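Undergrad: Before I ask anything, here is the structure I am working with.
The values are calculated or read from the model by the stated rules, or taken from the named source; none is laboratory data. None of the values given here were measured: they were computed from a predicted structure. Here the Cβ is made from the backbone with ideal geometry for all residues, glycine too, and neighbour counts use every protein chain on show. In case anyone asks, the SASA skips ligands and DNA or RNA and just uses the protein heavy atoms, side chains included. Shrake-Rupley method; radii C 1.70, N 1.55, O 1.52, S 1.80 Å.
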Amino acid sequence: MDHDSTFDAVLFDFSGTLFDDTSVLDPDAIAASGADLGGLTATEVVRSVLAHVDSPASLEARRGCDLSQEAHRAVWTRLIAESGPFAPDVVDAVYAALTDPAAWTPYPDTAVVLKALHDRGVRIGVLSNIGWDIRPALADAGVLDLLDAVVLSCEHGLEKPDPALFALACQEMGTPPGRTLYVGDDPVKDGAAVRAGLPVYLLPTERAVNRERGLGAVLRLAGA
């Protein structure tokens, strides 16, 4: 890292950093799918799914699921099915809701900060462990055209914390790691960027869809 406080580029994580991950599974969308919920409300289905997929055993089962779109679908649909257990049409409805670009909401400060960086000549990218294409969500938020690179684990067969994925992102950005700030929320997966030579800024764990994420600090760190 250079001794001044500016950077040539900023790489952002997607889920929990630029877009909220606490409000994705919308019961209304699942109810509108027409799936037979077996007497449960859509809210009860969502509650059951979240309790199961975020359990310690399921978190372990999710390791490597973002290495390809096929792996993501296979792992997540199995875990969703187990959480009921639920019939295939319910599983399909929940998985569709999870991967629907319209279900992912940017934090209030996301577009503002990305535009400010772009306007000041800072290169911007998104690097995400994800099993589906998030570009439509970025486009819906009006920020896709501001980005110089979108690097998705499922498209490269690599996932964080592998330093090779961070190195690949820097290559796509055309900026050296020491001049590229990485911004995320996971101290293990995102913090591993330091192993590839990137300075890291970690956001606080607490977050909500309708609150600014604290991304304004990135403008100061980037000298923008």
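Undergrad: Can you give me the number of residues within segment 38-51 that are under 27 Å from V188 (Cα atoms), surrounded by fewer than 17 Cβ atoms within 10 Å (Cβ to Cβ) and in contact (Cβ under 8 Å) with a residue 12 or more places away in the chain?
TA: 2
Undergrad: What number of residues within segment 168-224 satisfy the criterion of being more than 17 Å from the chain's Cα centre (by Cα) and of a type in the set (G, A, S)?
TA: 9
Undergrad: Hey, another quick one. May I ask you to say which residue of V188, V209, V218, V194 is buried (at least 23 other Cβ atoms within 10 Å of the Cβ) and over 17 Å from V151 (Cβ atoms)?
TA: Result: V218 is the single residue among V188, V209, V218, V194 that is buried (at least 23 other Cβ atoms within 10 Å of the Cβ) and over 17 Å from V151 (Cβ atoms).
Undergrad: Moving on. How many of the residues making up segment 200-224 are among the aliphatic types (A, V, I, L, M) and assigned to a loop (DSSP other than H, G, I, E, B)?
TA: 6
Undergrad: Please find, within segment 1-36, the residue that is least open to solvent (accessible area, probe 1.4 Å) out of those that are touching a helix residue (DSSP H, G or I) at 6+ places or on another chain (Cβ under 6 Å) and more than 30 Å from L147 (Cβ to Cβ).
TA: Looking at the filtered set, the residue picked out is I30.
Undergrad: From A29, A74, A35, which residue is more than 28 Å from P177 (Cβ to Cβ), part of a helix (DSSP H, G or I) and touching a residue at least 40 places away in the same chain (Cβ under 8 Å)?
TA: A29
Undergrad: Against the conditions (1) over 15 Å from F7 (Cβ atoms); (2) open to solvent by 10 Å² or more (accessible area, probe 1.4 Å); (3) in contact with a strand residue (DSSP E or B) (Cβ under 8 Å, 6 or more places away or on another chain), where does L152 fall short? Just the number, please.
TA: Only one criterion in (1) over 15 Å from F7 (Cβ atoms); (2) open to solvent by 10 Å² or more (accessible area, probe 1.4 Å); (3) in contact with a strand residue (DSSP E or B) (Cβ under 8 Å, 6 or more places away or on another chain) is unmet by L152, namely (2).
Undergrad: Please determine, by comparing only the residues of segment 132-143 that are surrounded by fewer than 16 Cβ atoms within 10 Å (Cβ to Cβ) and of a type outside the set (D, E), which one is nearest to D119 (Cα to Cα).
TA: Here the residue is G142.
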